[in-house]
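Below is one structure, written out as structure tokens; comments come after it.
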Amino acid sequence: MTIRVVCADDEPLVLGGLSMLMSVASDIDVVAQVGDGQAAIEAVQRLHPDVAILDVRMPIVDGVEATRQITGDDAIGAGIDGAPVSVLMLSTFNLDQAVFDALRAGASGFLLKDAAPRDLVAATRAVAAGDAWLDPAVARGLIAEFAARPNNSLPPSEDLRLLTPREREVLILMAGGLSNSEIAAHLFLGEGTVKTHVSRILMKLGLRDRTQAVVMAYRSHLVSPGSPLPPSSQRA
């Protein structure tokens, strides 16, 4: 399946570089390149991509507001298959207020502009598949700081009691940055089973996406920055 992507950045050289890097991936098709957030919103409405790659700071409408309109409760766009459009946010700065705001607005991933080209492609594939992606260079600090901040949209920590032991285990591994396939390998489960667990976690906790689930795991102290992953398990 080809991943359809809209790229938005107000720096023409950066925008051209993004498209050039994407062109090496046979499964990614950049369907639009635009220079501001309003144009990104319009491109998403018109072209129904799978992923929107947005710069945090753009003229007319910034990346945070564009993300909110693309992914919010009254989302303006969906992919061709009707699935929500995932947003991958780009920034020059790793711990910036706009980044926290973008994640709260619904962004599925965050990548620094100086990341390796392979990470851009990997991040695009990850968010297109419904996974979260946080730049490895800043992931722990970002999650810990973000999780410590008030967010009334998240359910109370006590709601974790609604999860089964296996679902809690999956949530811990999600907070550790593992993808569905990596969780499946760690727990000796099928990837489809892991996807079902993730869906049930989001449903039971009333969460929008994996990013909110990870934040809740940290805020509830189910995990802490630097904590080791639980051991592999063959328990059914």
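For the stretch 199-221, a residue qualifies if it is closer than 19 Å to Val87 by Cα and surrounded by 19 or more Cβ atoms within 10 Å (Cβ to Cβ), and the qualifying residues are Leu207, Asp209, Arg210, Thr211, Gln212, Ala213, Val214, Val215.
Per-residue answers, yes or no, for (1) farther than 28 Å from Val121 by Cβ; (2) within 19 Å of the chain's Cα centre (by Cα); (3) at pLDDT 75 or above:
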position: Pro156; (1), (2), (3): yes, no, no
position: Ile172; (1), (2), (3): no, yes, yes
position: Asn180; (1), (2), (3): no, yes, yes
position: His186; (1), (2), (3): no, no, yes
position: Gly192; (1), (2), (3): no, no, yes
position: Lys195; (1), (2), (3): no, yes, yes
position: Gln212; (1), (2), (3): no, yes, yes
position: Met216; (1), (2), (3): yes, yes, yes
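For the stretch 25-34, a residue qualifies if it is in a strand (DSSP E or B) and under 12 Å from Ala128 (Cβ atoms), and the qualifying residues are Ile28, Asp29.
Per the listing Thr164, Thr124, the residue uniquely surrounded by fewer than 17 Cβ atoms within 10 Å (Cβ to Cβ), among the polar types (S, T, N, Q) and modelled with pLDDT of 70 or more is Thr164. Could we say that Gln38 is surrounded by fewer than 19 Cβ atoms within 10 Å (Cβ to Cβ), over 20 Å from Arg125 (Cα atoms) and either acidic (Asp, Glu) or touching a Gly at 6+ places or on another chain (Cβ under 9 Å) (or both) here? Here the answer is no, as Gln38 does not meet what is asked. Does His221 meet the test of being in contact (Cβ under 8 Å) with a residue 12 or more places away in the chain, out of contact with any strand residue (DSSP E or B) (no Cβ under 9 Å at 6 or more places or on another chain) and assigned to a loop (DSSP other than H, G, I, E, B)? Considered against the rule, which asks whether it is in contact (Cβ under 8 Å) with a residue 12 or more places away in the chain, out of contact with any strand residue (DSSP E or B) (no Cβ under 9 Å at 6 or more places or on another chain) and assigned to a loop (DSSP other than H, G, I, E, B), His221 comes out as yes. When the stretch 1-24 is filtered for residues that are in a helix (DSSP H, G or I) and surrounded by 14 or more Cβ atoms within 10 Å (Cβ to Cβ), the ones remaining, listed by number, are Val14, Leu15, Gly17, Leu18, Ser19, Leu21, Met22.
Yes/no per residue for (1) at pLDDT below 90; (2) touching an Asp or Glu at 6+ places or on another chain (Cβ under 8 Å); (3) at negative phi:
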{"site": "Gly16", "(1), (2), (3)": "no, no, yes"}
{"site": "Gln33", "(1), (2), (3)": "no, no, yes"}
{"site": "Gln38", "(1), (2), (3)": "no, no, yes"}
{"site": "Arg46", "(1), (2), (3)": "no, no, yes"}
{"site": "Glu65", "(1), (2), (3)": "no, no, yes"}
{"site": "Gly82", "(1), (2), (3)": "yes, no, no"}
{"site": "Gln97", "(1), (2), (3)": "yes, no, yes"}
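The values are calculated or read from the model by the stated rules, or taken from the named source; none is laboratory data. If you're wondering where the values come from, they're calculated on a predicted model, not measured in any experiment. Cβ sites come from the backbone with ideal geometry, for glycine too, and all protein chains shown count toward neighbours.
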